[in-house]
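Participant: I'd like to ask some things about the structure below.
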Amino acid sequence: MALSEHIENTIRAVIMLLKGSVLDNVVQATHADYGEIARLPALILYFPRITEVRTEASNEQVVERKRDTGEFRVFPPPRFYDLEFDYELVTATMVGAQGLSQLSQKCLTFFAEHPAITVNLTDEQGNVYGADTYEIAPTLALSPGAVSAYYFTVRGSFVVREVRVEDRRSITGPLVRGFEVAYRDERKEIEEAYRHL
């Protein structure tokens, strides 16, 4: 699995989980321009800061054996990344600060009820072949954000920890299914064969 694909799968899984648990209006953004938000209330999710986790790094290659086709594949070791998301909750001033308070409570409950997130693993063709589960935790408490005559906001952040990313570059070769070793001693007239399958 390529880096960009699994990071994208993880972001998509985060958005779907937030839509189902906090608010259906989740907007992904790279900057704050509240005038571009189609409707309120909204949860603005900013593109994550991606940091490699070196403590989980390994130099051990991953070996995949396909006995049915008689092939093996060797992949570079996987790498691990923390994805830290900043987010903002935005409500219209006409609903009052109470609306923002209720939305904030839903957001805090979300982290209490969802300590982990499941992300689909996809192959080169985009087919799902499994899933990984990662820890999800708030890293900054909700704090007041920008306020105007039109909206109230609060800000926070959370992290998805140790997202495993596989490298699809591989070395492929034939898999040895078995071999036979013959031993012969003509003087003692001994002949033995050892077969390994």
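The values are calculated or read from the model by the stated rules, or taken from the named source; none is laboratory data. What you see is a predicted model, and the numbers here were worked out from it, not measured in a lab. Please note: Cβ atoms are built from the backbone with ideal geometry, for glycine as well, and neighbour counts cover all protein chains shown. In case anyone asks, the SASA skips ligands and DNA or RNA and just uses the protein heavy atoms, side chains included. Shrake-Rupley method; radii C 1.70, N 1.55, O 1.52, S 1.80 Å.
Participant: Please compute the net charge surrounding residue 182, taking Lys and Arg as +1 and Asp and Glu as -1 over other residues with Cβ under 9 Å from its Cβ. Working shown, then result.
Facilitator: Numbers: positive: 184; negative: 180, 191, 192.
That works out to -2.
Participant: Identify all lysines with a Cα-Cα distance to residue 19 below 27 Å; exclude those on the same chain that are fewer than 8 residues away in sequence.
Facilitator: By straight Cα distance, residue 19 reaches 106.
Participant: Once you have the Cα-Cα distance between residue 95 and residue 108, take 0.36 nm times their residue separation minus that, and quote the gain in nm to one decimal. Walk me through the numbers on the way to the answer.
Facilitator: On the way: separation 13, 0.36 × 13 = 4.68 nm, distance 2.01 nm.
Result for the pair: 2.7 nm of gain on full extension.
Participant: Based on the Cβ-Cβ distance of residue 169 and residue 141, what FRET efficiency does E = 1/(1 + (r/R0)^6) give at R0 = 41 Å, to the nearest 0.05?
Facilitator: Working: r = 41 Å, r/R0 = 1.01.
So, using R0 = 41 Å, E works out to roughly 0.50.
Participant: Right, another one. Looking at 153, 128, 111, which one has the Cα that reaches farthest to the positive end of the dipole of region 72-194 (charges on Cβ: Lys, Arg +1; Asp, Glu -1)?
Facilitator: Positive-most Cα among the choices belongs to 153.
Participant: May I ask you to rank 14, 128, 181 by accessible area, largest first, using a 1.4 Å probe over the protein chains only?
Facilitator: Numbers: 14 5, 128 90, 181 70 Å².
Result, largest first: 128, 181, 14.
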